[in-house]
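The structure appears right after this line, and notes come after that.
No lab work stands behind these numbers, since they all come straight from the coordinates. Just so we're clear, the structure is a prediction, and the values are computed from it rather than from any experiment. Positions of Cβ are generated from backbone atoms using ideal geometry, with glycine treated the same way; all protein chains shown enter the neighbour counts.
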Amino acid sequence: MPFNEVSAFYTNIVTSIFLLFYILFYTYFLKNKGKNQHNKELTILQFYKSPNLSTLSILFTVSLFSTFIATSEIIEKISFLNIIISQESEETSILLLKKKVLYNFPFATLLYLVAMRRNFAPNIFIVTLLLILMILITKNPLLEKRNGLGPTYLLLLYLLFHKYLISNQILLSVFLLLFIIFFPISSIFTHSSIYGWGNILSYRTIDIIISHFSQLHFDAWSNLTATLEYVHQYNFTFGNQLLGTFLFFFPRSMWPNKPIPSGVEIGNYLINNHGMWFNNLSNPIVAEAYIDFGIPGIILYSIILSYVVFKLGTYIIQKNNLIIRNAAIYTSISLIFILRGSLMPAFAYICGSLFTIVLIPILITNLTSKITAKAFIFKK
């Protein structure tokens with residue numbers, strides 16, 4: 001897409017509007033956080049008041065099953081030459097269930113164990129090691145992209161070293177180190193076949209890092225410009241993309257006209273009009289807001305984002321429920337991929353992960369508690 005000064009200027013204006021309203025409303029929420037607060041916990045969190053061994057056993061059993069499936073998939077991938085990891089043959093809905101739900105069970109079980117360790121026997125070291133081994137199998141570059149690996153391992157690192165992350169300056173330094181060094185190197189493993197991993201030895205680390213920042217990993221601004229041009233030519237979608245995001249769980253076989261991710265839509269536009277060679281593009285949250293509702297959407301999305309970030313902050317600093325606290329940290333890290341887009345797949349992946357990390361333990365705990373209560377009444 002050729003550079004255009006007018007388009008670039010308008011892109012910066014739209015981005016500035018988003019940032020301005022985000023900062024204003026986030027500041028407003030912070031100043032008013034002490035008002036109308038109460039100490040009551042959410043009703044849904046009450047299920048974690050009575051953790052039990054049955055829930056842990058069920059989660060651990062499903063984790064073993066998911067690890068077996070993941071191991072089989074790894075062996076299958078390794079057994080075929082020149083397989084490009086980014087090329088998936090399965091349906092998106094199947095991939096979502098497998099990678100973001102099934103393969104998240106070991107991680108969810110470990111978080112449950114960490115949060116409820118005081119309620120179980122103190123000798124849980126072996127179980128913890130087994131779960132970490134399962135996570136290494138179910139969450140690795142052969143099976144996952146950075147949007148799954150990043151939140152998982154960053155949260156694990158936080159759980160291990162949170163006592164040393166005592167200030168915002170230290171946290172910022174750690175994140176800068178990870179994004180400047182770790183993420184560029186990780187792209188070699190997540191964006192190529194296993195047989196290309198050896199190439200990392202033939203390049204200097206500094207060359208790998210520098211080249212990373214000149215590639216399409218950072219295409220958000222240019223894709224926003226392309227979105228503005230797309231809207232100018234085809235008009236707004238008036239919430240159609242947002243509808244597809246909220247109803248991501250509907251398969252296309254049931255909804256033939258289901259919207260495609262905005263990044264793919266813009267990618268197709270660039271292919272047809274500007275000679276782009278692929279359509280799997282990111283599309284930042286600002287572009288998502290604009291393609292649906294224009295400037296009012298920009299303002300609305302910025303306000304919603306500021307409130308979400310504010311609420312996540314309140315969940316992170318609370319210490320009454322570690323499951324929710326850890327889920328809030330996981331979501332905060334995943335917001336990077338929400339901001340980068342496209343919104344539809346990023347939202348679906350986060351929902352799938354949170355379903356396993358939060359809701360499934362709640363449902364199992366509630367179910368086992370009811371069964372135990374009925375068994376007790378029956379004995380009486």
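Here PHE238 and GLN318 are evaluated by their C-beta separation; at R0 = 45 Å the FRET efficiency comes out at 0.70. For SER342, the residues whose modelled amide H falls within less than 5 Å of its own, excluding neighbours fewer than 5 places apart on the same chain, are GLY263, ASN283.
Just to be sure I understand: if I project the alpha-carbon convex hull of the range 247-380 onto a plane and average over all orientations, what area do I get in nm²? Mind showing how you got there, number by number?
Details: hull surface 49.1 nm².
The directionally averaged projection comes out at 12.3 nm².
Any of LYS258/LYS311; LYS100/LYS311; LYS77/LYS258; LYS33/LYS258; LYS77/LYS100; LYS145/LYS370 with alpha carbons more than 29 Å apart? Name them for me. Long pairs (Cα-Cα over 29 Å): LYS258/LYS311; LYS77/LYS258; LYS33/LYS258; LYS145/LYS370.
Residues in the range 251-261 carry Karplus couplings, in order, of x, 5, 5, 8, 9, x, 9, 4, x, 8, x Hz; the curve used is 6.51 cos²θ - 1.76 cosθ + 1.60 with θ = phi - 60°, and Gly or Pro positions show x. Label reach from LEU53 (point 7 Å along Cα→C-beta): in the range 347-370, amide nitrogens under 19 Å belong to 364-370.
If R0 is 22 Å, the Cβ-Cβ spacing of VAL308 and LEU171 corresponds to a FRET efficiency of close to 0.70. With the simple spin-label model, which puts each label point 7 Å out from Cα in the Cβ direction, the PHE9 to ILE23 separation comes to 2.2 nm. Length gained on full extension, ILE74 to ASN272: 67.6 nm, using 0.36 nm per residue less the C-alpha separation. As a rough footprinting exposure proxy, the listed residues ARG325, ARG340 were ranked by other beta carbons within 10 Å of their own, and the order from fewest upward is ARG325, ARG340. When each of LEU363, LEU176, LEU111, LEU154 is scored by the number of other beta-carbon atoms lying within 10 Å, the sequence from fewest to most is LEU176, LEU363, LEU154, LEU111. Backbone amide hydrogens, once placed in the peptide plane, bring MET276 within less than 5 Å of ILE271, excluding anything fewer than 5 places away on its chain.
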